[in-house]
Amino acid sequence: MSRDKERRNRPALALHVPEPAARPGDAVDFSHIAIPAAGAAPRPDVSAQPGDIRDLAYSLVRVLDEEGRAVGPWDPRLDPDTLRRMLRDMMMVRVFDDRMYRAQRQGKTSFYMKCTGEEAIAVAGTHALDREDMTFPTYRQQGILIARDYPLVEMMCQVYSNRGDPLKGRQLPIMYSTREYGFFSISGNLGTQYPQAVGWAMGSAITGDSRIAVGYIGDGATAEGDFHNAVTFAGVYRAPVILNIVNNQWAISTFSGIAGAELTTFAARAIGYGIPGLRVDGNDALAVYAATRWAADRARSNLGPTLIEFFTYRVEGHSTSDDPSVYRPQNAGAQWPLGDPVERLKQHLIGLGEWDEERHAAQQEALSTEVRAAQKEAEKLGTLQSDPYSDIGSMFEDVYEDLPWHLAEQRDQALAEKEAKR
């Protein structure tokens, strides 16, 4: 038989293109998700060998059960004041998001991104860190700044790109940066923060410092080369870094299966690099805190990095430029089987007798008042509507020690045109 004839008799090759379980118009279907009981996952010693705890990359670390009780070995046994502060910060993030989302819809800013349903990941994780640790976030970890008491007015000024913007309008709205609060500059180029986090952690170790780094990446961006480069360096050099994957099921309009979620868990990627991998209920503030503290203790003990997959769901659109109703069922987030992180922590505190509905409502109103007041102050310094070209000259600053003549001409021309429009 000739080679051509033999080839014709073989079955045709085909590719598999992952598809989500439900599309617009379909019933929401999360039946494929296996959710183990809260408290079922063992908590190993921080010195455990990665190969001995590989099952934790496939299970799900959970602390809060369906009644809001903290159960199992991962319960961090936090005092009520810390729990209340975490709840307050998560509520503040949600209130802040709602106000800034509304501001974008009113034309006061060009862009915004909410983190509804993911508040516990940034807030509880930050409370488990030291204040001096450096974070390398994506654009959905504004809770880090809230948990570290960054001024709301300055956050809003950055969103408005107005006269009070500490970044002088040089970053897209919501791409904050503040060295003083351990918040590395957010990048719109996906994946870059991972090697930056590892490099910073290696530098901390080289200089004999005691601070660790924490990097965040989305499920989609784990398909970027930067992810693999970073994890390789982190594992080889035992960098004191925590590498978080926020698996919120969607990367803009592309679901997590495109990045490999159908093949295995994202936490399981740690196994191939010889580092510990934890898969954690990202809507459980206590589980997030406990896993982060475990990984931080490991890093501070010179035992190297930990990769953590936070399993959660992006309730809202990817950004104000996105309409999720065109690629997934409406109100899918409301049916996410792991619930709402704010409500779950609230239920836990009520169960402890340390909170109640009246105090919760009062705190909600107080936070709303605080955010409205901050917004009023920020808008005095300009919005996209009221003063979009407040400081044109700053575009030409901070790049050259001596401004080249042709840029000086452009600056002078721009300032003259602005003056002529007054």
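The values are calculated or read from the model by the stated rules, or taken from the named source; none is laboratory data. All figures in this text were calculated on a predicted structure; none of them were measured in a lab. FYI the Cβ positions are ideal-geometry reconstructions off the backbone, even for glycines, and counts take in every protein chain you see. Heavy atoms of the whole protein, side chains included, go into the accessibility calculation; ligands, DNA and RNA do not. Shrake-Rupley method; radii C 1.70, N 1.55, O 1.52, S 1.80 Å.
Please name which of Ile252, Ala285, Ala230 has its Cα lying farthest along the dipole of region 221-292 towards the positive end, using unit charges on Cβ (Lys, Arg +1; Asp, Glu -1) and the Cα centre as origin.
Ala230
Ranked by accessible surface with a 1.4 Å probe, highest first, in what order do Arg298, Arg94 come? Working shown, then result.
Values: Arg298 10, Arg94 55 Å².
Heavy-atom accessible area, descending, gives Arg94, Arg298.
Is the C-alpha gyration tensor of region 1-104 telling us rounded, prolate or oblate? Criteria: a/c under 1.5 is rounded; beyond that, a/b larger than b/c is prolate, otherwise oblate.
It is oblate, given that a/c is not under 1.5 and a/b is not larger than b/c.
Please report, in cubic angstrom per residue, the volume enclosed by the convex hull of the alpha-carbon atoms of the chain.
Residue-normalised Cα hull volume stands at 212 Å³.
How much area per residue is accessible in region 296-345 when the probe is 1.4 Å and only protein heavy atoms are counted (Å²)?
Numbers: 1810 Å² over 50 residues.
It amounts to 36 Å² per residue over region 296-345.
Please report, in debye to the nearest 20, how large the charge dipole of the chain is about its Cα centre when each Lys and Arg carries +1 at its beta carbon and each Asp and Glu carries -1 there.
Around 840 debye, computed over the chain.
Could you tell me how far the Cα centroid of region 106-136 sits from the Cα centroid of region 281-306, in Å?
17 Å
With springs only between Cα atoms under 10 Å, which of Ala270, Ala285, Ala103 fluctuates most in a Gaussian network model of the chain?
Ala103
Indicate, rounded to the nearest 5 percent, the antiparallel portion of the DSSP beta bridges found entirely in the chain.
Taking every DSSP beta bridge with both residues in the chain, the antiparallel ones total about 15 percent.
Taking only Cα atoms and a 10 Å spring cutoff, compute GNM fluctuations for the chain and point out the largest among Asp79, Asp89, Asp284.
Its mean-square fluctuation being the largest, the pick is Asp79.
Straight-line reach from Lys380: which lysines have Cα under 27 Å away, leaving out those fewer than 8 places along the same chain?
Result set, ordered by chain and number: Lys108, Lys114, Lys168, Lys418, Lys421.
Assuming R0 = 60 Å, what is the FRET efficiency of Asn229 and Thr369, from their Cβ-Cβ distance, to the nearest 0.05?
Numbers: r = 46 Å, r/R0 = 0.77.
Efficiency, from the Cβ-Cβ distance: 0.85.
Taking the dipole about the Cα centre of region 316-375, with the C-beta of Lys and Arg at +1 and of Asp and Glu at -1, give me whichever of Gln364, Gly333, Ala374 is farthest to the positive side.
Of the listed residues, the answer is Gly333.
Give the ranking of Val236, Val63 by solvent-accessible surface, highest area first, calculated with a 1.4 Å probe.
Val236, Val63
Grab the Cα-Cα distance for Thr82 and Gln106, subtract it from 0.36 nm times how many residues apart they are, and report the gain in nm with one decimal.
Details: separation 24, 0.36 × 24 = 8.64 nm, distance 3.61 nm.
Length gained, Thr82 through Gln106: 5.0 nm.
Under a Cβ-only charge scheme (Lys and Arg +1, Asp and Glu -1), can you give me the dipole magnitude of region 21-72 about the Cα centre, in debye to the nearest 20?
100 debye
Got a number for carbon plus sulfur as a percent of the chain's accessible area, 1.4 Å probe?
50 percent
For region 366-396, list residues with backbone N below 15 Å from a point placed 7 Å from the Cα of Ala408 toward its Cβ?
Within reach of a label on Ala408, which here means backbone N under 15 Å from a point 7 Å along Cα→Cβ, region 366-396 contributes 396.
As a test question: what accessible area, to the nearest 10 Å², does Lys114 have when a 1.4 Å probe is rolled over all protein chains in place?
20 Å²
Roughly how much of Val326 is accessible, in Å² to the nearest 10, using a 1.4 Å probe?
That residue has around 100 Å² of solvent-accessible surface.
Quick one: grab the alpha carbon gyration tensor of region 110-265, order the square roots of its eigenvalues as a ≥ b ≥ c, and give me rounded if a/c is under 1.5, else prolate or oblate depending on whether a/b is larger than b/c.
oblate
Whole number in Å², please: accessible area per residue of region 33-180, 1.4 Å probe, ligands, DNA and RNA not counted.
Here the residues of region 33-180 average 38 Å² of exposed surface.
Per residue, what volume in Å³ does the convex hull of the Cα atoms of region 221-321 enclose?
100 Å³
Charges on Cβ only, +1 for Lys and Arg, -1 for Asp and Glu, centred on the Cα centroid of region 65-160; of Thr82, Tyr160, Ala120, which one is farthest towards the dipole's positive end?
Towards the positive end, the residue furthest out is Tyr160.
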